[in-house]
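Quick note: the coordinates plus some simple rules give every number you see, no bench work behind them. Since the model is a prediction, treat every value here as computed from it, not as a measurement. Cβ atoms come from the backbone with ideal geometry, glycine included; neighbour counts cover every protein chain shown.
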Amino acid sequence: DPDQTEYRVVITDFCGVPTASAVAILTVNVAPAVTTQPAAIQNISTSCTALISVTAIGSSPIAYQWRKDGNDIDGAVSNTYSITNANASDAGDYDVLITNSCGGVTSDISTLIVNSPCSITGGSDAICAGTTTVWNGPAGMSTYSWTGPDGFNALTQEITITTAGTYTLTITDANGCQTSCSRTLVVYPIPTVDATADQTICNGVST
């Protein structure tokens, strides 16, 4: 601020002798402003960690108060808020009130989505050879990795499986936290007919 500088006054007496006052320093405080907003949406897995952060400028000291669904969170008074071992009750809308001596500003809302534990749903656990089944992982995650028999590996949410064995799904959320779960597929063979050689029988005799 151009007004923030040193000031002094010079007083000239009746005889024309100047006398300078002591230096007075003018400090101009600036209200806080958000320079980096928290992530608009975070998708994490149950038991993983969520980190919500904001960057602000303004004259010190700057105070922070994080809120969930509009309610203050006890002890959440820094520019970052961490939720460890998250569960369904932690899901909600988070923002932070930032204040200093000149006023305050509220950050944008960051919506936290806490997904259910790793699970494989849909499809069937037992199929006939030559048919398929589709298994699904929980929606909203960043990365899905399926591993199974014969080195089977695919990065997809839905997978068509035709080989018997145990398959493991590993999901990775936006913060890099991984959780895994498994499911076993049984494949029944296609029935076959054992053709026998030609036979000769007498008329009227069954075989």
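Here is how the numbers come out for the structure above:
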{"item": "Whole-number D in µm² s⁻¹ for region 1-89, Kirkwood Cα-pair radius fed into Stokes-Einstein, 10 °C, 1.306 mPa s", "result": "90 µm²/s"}
{"item": "Dimensionless Rg ratio for the chain, taking C-alpha atoms and the 2.2 N^0.38 Å reference", "result": "2.09"}
{"item": "Sites Ala129 and Ala88, calculated FRET efficiency, Cβ-Cβ separation with R0 45 Å, nearest 0.05", "result": "0.65"}
{"item": "For q = 0.24 Å⁻¹, Debye-computed log10 I/I(0) when each Cα of region 106-196 counts as one equal scatterer", "result": "-1.20"}
{"item": "Square roots of five times the Cα gyration tensor eigenvalues for region 80-138, Å", "result": "46, 11, 7"}
{"item": "15 Å beta-carbon shell around Met141, net charge (K/R +1, D/E -1)", "result": "-2"}
{"item": "Gain in span if fully extended, Asp108 to Ile57, counting 0.36 nm per residue against the direct Cα distance", "result": "16.8 nm"}
